[in-house]
Structure formats: C-alpha cells, structure tokens
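S.K.: Supplied in structure tokens, the structure appears directly below.
The values are calculated or read from the model by the stated rules, or taken from the named source; none is laboratory data. From a predicted model like this one, the values you see are computed outputs, not experimental measurements. For neighbour counting, all protein chains shown are included, and Cβ atoms are generated from backbone atoms with ideal geometry for every residue, glycine included.
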Amino acid sequence: MNETLKAARLDFFLLRPYWKTICFSIAVPLVYTSVARSLVSGISFAMCMLGIISSYTFAVSEKNGMERLYGVLPVARRHLVFGRYLLIGLMGFLALVFSLISHMAVLRALAETVEVWEIATSAVMGILGYTVYVVFQVPGYYKFGTVGGKMFQFIPVTGYLLTLLLLPRVDPDSPVLAAVLGQPALLIAAVVLLCVLAYLASVGISVRILRNKEI
Amino acid sequence: MDNVLEVRNLSKSFPGFQLKDVSFTLPKGYIMGLIGPNGSGKTTTIKLILNMLRRDGGAVKILGMDNIADEKAVKEELAVVFDSNYFCGDWTVAQTETAVSGFYKKWNAERFHQLLKRFGIDPAKKVKDLSRGMQMKLMLACAFSYGAKLLILDEPTSGLDPVSRDELLTVLSEYIEDGERSVLFSTHITGDLERAADYITYINCGSLFFTGGKDEFVDSFRIVKGGLNDLTGELRKRLIGLRTHPTGFEALMRTEELENLRRTGRGGRMAGGTAADDLTVEPATIDEIVVFTSKTGTF
C-alpha cells in the first residue's frame, strides 16, 4: 500500500502544474447547470469533464518522456498502476462531492427546488458515468498512450451525449425508478459493487498491459 | 562479492536487430565504458539491465541480486542518467526532489541540496528552464543522493559542451573514490573514456567484441600505414577496416598479428615482399578502434 501511495503522490505532482486547468474544467459545468437548471445533467457534465482530465497523467508523463523515470524508480509496475487508479478515483470522488454541493447551491440561488431523488440520481449517474469513462480509458492509454489512444478521449463526451439523449426519456414517476430509489441501501450497494468490479477488471487489464510493456 | 554488475549471455531480438549473448562483468570501484557505434545495442543492453525491456535469454546480477526477481532492491542501489531529462519539465527542482525522494529509503536531502549548490542549480527553477547540461547535473544530483552503488549513464555527454563533459568526468571520478561504487558509462564519444574508464565493453551489431581492461583494449591494436606497394594480398587479410588513398593506405591491425608478422622469416617479409618494418605503426585510440572495426563488422 505504501508503494501505491508513493505512486499516487508522484502522479499528483504530475498534475500539480495543471491545477488551474483542472479547477476550471470542474467549474465550467456550473454555467451549464445554471442554464439547463438540471442537477443530473450538470453533474454528468462535470464528471464527463473530469473523465477527460483522467488522461492528463498519461499525457504529462508521455510529453516529458517520463516512462524512463518509471523504469528507474524502485517500485513495482503494478503499484504504479494502483497509484494512478487511486489518484483518479480520489479526484473523481472529490469532484463529485464538490460538484454536488456547488451545483445545488447554484440551483438554490436560482430559486430552483432540488429534490432528494434528484440528488441521489445525480450522484449515482455521476459515479457510474465516471467509472465507465475511467475503466475504459485508462487501459487504453496504458496500451496505446494518449496520442495513439486519442479515440479513448472521446469516451467521456460520448457517454455524456448518451446521458443527454436518454435522460429526457426517463419518467420521474416511473414505478421502476420509484422502486429503485425506494431501496436506497440496495441502490448504493449495487452501484458500489458494480463500480468495484469494473475498477478491479480495469486495474487487472492495466497491470497486465504495463507488465508486458517494453519501455 | 567483487562484481557490482554481472551480465551473462544477454540476448534480445527485435525485428531487424538482435543482441546476441552479451556477457561482461563490472568490478566494484571502477568505471566501465560501454562503447559501440549508433544502433550497436548499447541502449538495449542498458534497458535490459534495468528490466525496461524483457530479455529473451541470459541473466543480469546487480550486487549479487537478480535484476528481475529482486527488482525493487536492485533499483534502490542503482542510479541512472539518460541522455536527456526524464523529470517533468513543469516541476521546479525542489518539486522534483519532493516527487522522487519518497521512493528511496536512503534519500539524503542534505546531500541533494549540497549537490545542487555545487552544480549551481537553483531549486526554484523549473526543470524545463534548465540547460541540457544542468538537467544532466540534476539527474546526477538525484542519483548521488541515495547512496546508489552502481551508476549507469546512457550517453550522458552527447550534446554537452566540453566544459560540462569535463565536469561530469570529474564528478564520476569522485563518485568511485571510496572503492565501493561503480559506473557503467555508455557513450560513443570515446574521448571521455580515454580519460575516465578503467574497463571497456565494446558491442557492435548486437555482438560483444571485447570486454576487459581499457589499456589491454587499446594495446591490442595498432594503426598501420604504408604505401600502396606495401599492400600485398597477405597483408590485406590481416588488416581491419582498410582505407586506401592515392598515396597509400591505413588500417587497424591486431598487435598480436603485427608481432607475428615481425617474427616471420626474412625479417618479417611476407609472400609478396612486404616487411613489417616497411610499415608505419602507431598506437590506436579507442575512437580509431571503433571506427575501423565498425567498417568491417569483424574483429
């Protein structure tokens, strides 16, 4: 675990010079929320932006030829992967909490009512969306790099557009939605389980890719 | 244990290139030059030592430990400087230390700052704003700050001005002073090795041509010059990398061959009439040995 934390810390330092860009990317969806007046789509947009940012660690290390540094450091390759996922996951969690609070504040300031189900749906959509973006993108970047794997950068945008497309079709009074939201403990457990399984599979694939990769 | 690095029958195949059964050992307290022309396999050898490439065969032991099975322990004792910077360009020098130091149990912050001072590196400066020479010194400062026993340099002097190259060689000599640390120094600027190296490992076209003492290597060859009339068929067979020009020829010759030539009958006169004493014989430099042997690809 210690090595994973060290690797995550190294990745954090990679992102540190870009903190203004990251903050800006997380803040931009606030404008969208204030226009669309929808917490769900605002949070989905925010997590889409953060999904795009998950490529930054790869892009920065690639730009600086840092694979040689990773090859020299006394740390196992799998811990480099664990550390990267840890940082990306942590960033997603913090961004989700910040986005939920800030987007609700914006809507309240605009005299919009935010229902509990909206908050729950936004959080679930945000977590699921971000998980999908990350678990598919990261192995792609490990395999092809950010230049070769440019197509993986479209995953968050595609995911967000799909959300926008499907969201209006969801009936808030649907009995299925009511049943799902009526069992919050089950919902949280299902979401957590789904995300954990997806992350485990993605981490496993990334470790395998990096282990076989020649620098 | 007297050897810091032991490479045995190291092999690796790429499409169009093969590193074949490279073996050499680096004793404790010495500098070894890893030489060869561009594309000869020097960087491949180093990357295999660092487990950055997967070997097809052979073994690498660093301080008695296997470079793959004991990778983490090995890398705690290993420092590497490449031909170009491998830190994030947007980091300051101080941030570089913060980012990297956590990985090394024996990191000595005081030593790192002493080295920065000695090398004239401003800790507040961004890595990308440092000159190429300064970036190399930063990598060296990091390498020297955790007591690494083996320093591997992959063409560190390419692109450096003569002053920076001289400084680097001085630093390397100081590094091995205590007799406990060693340096593997890959370069194609062999002039640096004339001054600093104790041992030479010469790789060409993926094969090991020579490994041993530098003096032994240099003494093994002579530059032979003569007129075109001296260039008999018998002599041609003994010359390496023959170059002819309108007034004569020059080539490399094994010292052993030259001695044999001198010992042959009639005062070293071969069939065709050339005598060893008719030829001009000069000592060869490492550069000349590499140039002449690379021309033929044979030894």
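S.K.: Checking A:ASP11 against (1) within 12 Å of another protein chain (Cβ to nearest Cβ); (2) of a type in the set (D, E, K, R); (3) within 15 Å of the chain's Cα centre (by Cα), which test does it fail?
M.R.: (3)
S.K.: To continue, here is another question. Do we find that B:LEU130 is aliphatic (A, V, I, L, M), within 14 Å of chain A (Cβ to nearest Cβ) and crowded, with 19+ Cβ neighbours inside 10 Å in this structure?
M.R.: In short, yes.
S.K.: Moving on to the next point. Taking B:CYS205 and the conditions (1) assigned by TED's automatic domain parsing to the domain that holds B:THR45; (2) surrounded by 18 or more Cβ atoms within 10 Å (Cβ to Cβ), which numbered condition does it fall short on, given that it satisfies the others?
M.R.: (2)
S.K.: Do any helices (runs of 4 or more DSSP H) entirely within the stretch A:46-125 hold 2 or more residues that are within 20 Å of the chain's Cα centre (by Cα) and without any contact (Cβ under 8 Å) to a residue 12 or more places away in the chain, and if so, which? Working first, answer last.
M.R.: Numbers: elements: A:56-63, A:67-72, A:77-109.
Where helices (runs of 4 or more DSSP H) fall fully within the stretch A:46-125 and carry at least 2 residues being within 20 Å of the chain's Cα centre (by Cα) and without any contact (Cβ under 8 Å) to a residue 12 or more places away in the chain, they are A:77-109.
S.K.: Given the criterion closer than 25 Å to B:LEU5 by Cβ, in contact (Cβ under 8 Å) with a residue 60 or more places away in the chain, surrounded by fewer than 19 Cβ atoms within 10 Å (Cβ to Cβ) and among the aliphatic types (A, V, I, L, M), identify the matching residue among B:ILE189, B:ILE176, B:ILE200. If you could, list the steps in order and put the result at the bottom.
M.R.: Working: B:ILE189 fails: in contact (Cβ under 8 Å) with a residue 60 or more places away in the chain; B:ILE200 fails: surrounded by fewer than 19 Cβ atoms within 10 Å (Cβ to Cβ).
Criteria check complete, one pass: B:ILE176.
S.K.: Can you confirm whether B:SER101 is of a type in the set (S, T, N, Q), within 23 Å of B:ILE46 (Cβ to Cβ), within 14 Å of chain A (Cβ to nearest Cβ) and touching a residue at least 12 places away in the same chain (Cβ under 8 Å)?
M.R.: Working: of a type in the set (S, T, N, Q): yes; within 23 Å of B:ILE46 (Cβ to Cβ): no; within 14 Å of chain A (Cβ to nearest Cβ): yes; touching a residue at least 12 places away in the same chain (Cβ under 8 Å): yes.
Answer is no for this residue.
S.K.: Look at B:LYS72 and say whether it is over 17 Å from A:GLU214 (Cβ atoms), charged (D, E, K, R) and at the interface with chain A (Cβ under 10 Å from one of its Cβ atoms).
M.R.: On the way: over 17 Å from A:GLU214 (Cβ atoms): yes; charged (D, E, K, R): yes; at the interface with chain A (Cβ under 10 Å from one of its Cβ atoms): yes.
Criteria met by B:LYS72.
The rows are residues; the columns are (1) surrounded by fewer than 19 Cβ atoms within 10 Å (Cβ to Cβ); (2) over 19 Å from A:LYS6 (Cα atoms).
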| site | (1), (2) |
| --- | --- |
| B:LEU50 | no, yes |
| B:LYS75 | no, no |
| B:ASN85 | no, yes |
| B:GLY89 | yes, yes |
| B:THR96 | no, no |
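S.K.: A further question on this structure: Does the stretch B:2-9 contain any residue that is of a type outside the set (A, V, I, L, M) and modelled with pLDDT under 95?
M.R.: If we filter the stretch B:2-9 for residues that are of a type outside the set (A, V, I, L, M), which is where we start, we get B:2-3, B:6, B:8-9.
So of that shortlist, the ones also modelled with pLDDT under 95 come out as B:2-3.
Yes; the residues of the stretch B:2-9 include at least one that is of a type outside the set (A, V, I, L, M) and modelled with pLDDT under 95.
S.K.: Right, another one. Give the residue that is nearest to the chain's Cα centre (by Cα), with candidates limited to residues of the stretch A:166-207 that are outside any helix (DSSP H, G or I) and of a type in the set (S, T, N, Q). Spell out the reasoning first.
M.R.: Within the stretch A:166-207, the subset outside any helix (DSSP H, G or I) is A:170-174, A:183.
Still in the running and of a type in the set (S, T, N, Q): A:174, A:183.
On the way: A:SER174: 28, A:GLN183: 25 Å.
The residue in question is A:GLN183.
S.K.: Of everything in the stretch A:77-98 that's more than 17 Å from A:VAL196 (Cα to Cα) and surrounded by fewer than 18 Cβ atoms within 10 Å (Cβ to Cβ), which residue is farthest from the other protein chains (Cβ to nearest Cβ)?
M.R.: A:VAL97
S.K.: Checking the structure you have, find out if any residue of the stretch B:112-123 is out of contact with any helix residue (DSSP H, G or I) (no Cβ under 6 Å at 6 or more places or on another chain) and either in a loop (DSSP other than H, G, I, E, B) or outside the structural domain of B:ASN51 (by TED's automatic domain parsing) (or both).
M.R.: The answer is yes, given that some residue of the stretch B:112-123 is out of contact with any helix residue (DSSP H, G or I) (no Cβ under 6 Å at 6 or more places or on another chain) and either in a loop (DSSP other than H, G, I, E, B) or outside the structural domain of B:ASN51 (by TED's automatic domain parsing) (or both).
S.K.: Taking A:ALA46 as the residue in question, decide whether it is under 30 Å from A:PRO172 (Cβ atoms) and at pLDDT below 90. If you could, list the steps in order and put the result at the bottom.
M.R.: On the way: under 30 Å from A:PRO172 (Cβ atoms): yes; at pLDDT below 90: no.
Answer is no for this residue.
S.K.: While we're here: Which residue is farthest from the other protein chains (Cβ to nearest Cβ), if the candidates are limited to the stretch B:82-94 and must be in contact with a strand residue (DSSP E or B) (Cβ under 9 Å, 6 or more places away or on another chain) and more than 12 Å from A:GLY71 (Cα to Cα)? Quick ask: steps written out before the conclusion?
M.R.: Let us first name the residues in the stretch B:82-94 that are in contact with a strand residue (DSSP E or B) (Cβ under 9 Å, 6 or more places away or on another chain), namely B:82-83, B:86, B:89-93.
Now drop any that are not more than 12 Å from A:GLY71 (Cα to Cα), which leaves B:83, B:89-93.
Values: B:ASP83: 10, B:GLY89: 5, B:ASP90: 4, B:TRP91: 7, B:THR92: 9, B:VAL93: 13 Å.
It comes out as B:VAL93.
S.K.: Might you check whether a residue that is at pLDDT below 95, over 30 Å from A:PRO172 (Cβ atoms) and among the small types (Gly, Ala, Ser) occurs anywhere in the stretch A:14-34? Talk me through it step by step, then tell me what you get.
M.R.: Of the stretch A:14-34, the ones at pLDDT below 95 are A:14-34.
Add one more test, that the residue is over 30 Å from A:PRO172 (Cβ atoms), and what stays is A:14-24.
Now narrow it down to the ones that are among the small types (Gly, Ala, Ser): none.
Within the stretch A:14-34 (the criterion being at pLDDT below 95, over 30 Å from A:PRO172 (Cβ atoms) and among the small types (Gly, Ala, Ser)), the answer is no, since none of the residues qualifies.
S.K.: Looking at the stretch A:1-45 only, could you name the residues that are assigned to a loop (DSSP other than H, G, I, E, B) and within 30 Å of B:THR98 (Cα to Cα)? Before you say what the answer is, go through the steps one by one.
M.R.: Just the residues of the stretch A:1-45 that are assigned to a loop (DSSP other than H, G, I, E, B), to begin with: A:1, A:37-38.
Selection gives A:MET1 alone.
S.K.: Is it the case, given these coordinates, that B:THR157 is modelled with pLDDT under 90, in the same structural domain as B:LEU34 (by TED's automatic domain parsing) and part of a helix (DSSP H, G or I)? Before the answer, list the steps.
M.R.: Numbers: modelled with pLDDT under 90: yes; in the same structural domain as B:LEU34 (by TED's automatic domain parsing): yes; part of a helix (DSSP H, G or I): no.
So B:THR157 does not fit the description; no.
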